[in-house]
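Remarks on the structure that follows.
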Amino acid sequence: IQNEESVILFLVVWTVTEITRYSFYTFNLLNHLPYFIKWARYNFFIILYPAGVAGELLTIYAALPYVKKTGMFSLRLPNKYNVSFDYYYFLIVVMFSYVP
């Protein structure tokens, strides 16, 4: 999954977000906040937030077949805890939880 374009998308988007955020904090602490940094802090999210969420969702979606095939992070019955957990369905619930 790490070779998917969606991974590059969300990594670049969240990197730009963090650079903008911490530049804002740094310049604000130095009492020298350039207008562009302030503008970027409060306006970049309009583009970056939906792009980052799309990158994350596409990455999870791309991982679903692998997770289902391997049973990754799943716990099947019977076991000593008498609990079952299916990571595949958990990821689907996580994807739908992005909606609200």
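Bear in mind that the values in this text are calculations on the coordinates, not laboratory data. The structure presented is a predicted model; accordingly, all values stated were derived computationally and were not measured. Quick reminder, even Gly has a Cβ in these numbers, built from the backbone with ideal geometry, and neighbours come from all protein chains shown.
Taking the Cα centre of the chain as origin and assigning +1 to Lys and Arg Cβ atoms and -1 to Asp and Glu Cβ atoms, the resulting dipole is close to 220 debye. The smallest convex shape that holds all Cα atoms of the chain, its convex hull, gives 140 Å³ per residue. Taking the chain as a Gaussian network of alpha-carbon nodes connected by springs under 10 Å, the highest mean-square fluctuation of the residues 66, 42, 81 belongs to 81. Based on DSSP H segments of at least four residues, each scored -39500 (n - 2.57), the chain has a per-residue ellipticity at 222 nm of -24000 deg cm²/dmol.
In the chain, taking the dipole from charged Cβ atoms about the Cα centre, the farthest positive-side position among 27, 57, 79 is held by 79. For the range 1-47, just say rounded, prolate or oblate: build the C-alpha gyration tensor, square-root its eigenvalues into a ≥ b ≥ c, call rounded for a/c under 1.5, and beyond that prolate if a/b exceeds b/c, oblate if not. In terms of gyration-tensor shape, prolate.
Within the chain, the longest segment free of exposed loop sites, counting trypsin sites (Lys or Arg not before Pro) that fall outside DSSP classes H, G, I, E and B and have at most 12 other Cβ atoms within 10 Å, spans 1-75. Using a Förster distance of 35 angstrom, determine the FRET efficiency expected from the C-beta separation of residue 43 and residue 74, and round it to 0.05. The pair residue 43/residue 74 has a calculated efficiency of 0.25. 3J(HN,Hα) along the range 40-55: 5, 4, 9, 10, 4, 4, 4, 9, 6, 5, x, 5, x, 5, 4, x Hz, from the Karplus curve 6.51 cos²θ - 1.76 cosθ + 1.60 with θ = phi - 60°, whole Hz, x for Gly and Pro.
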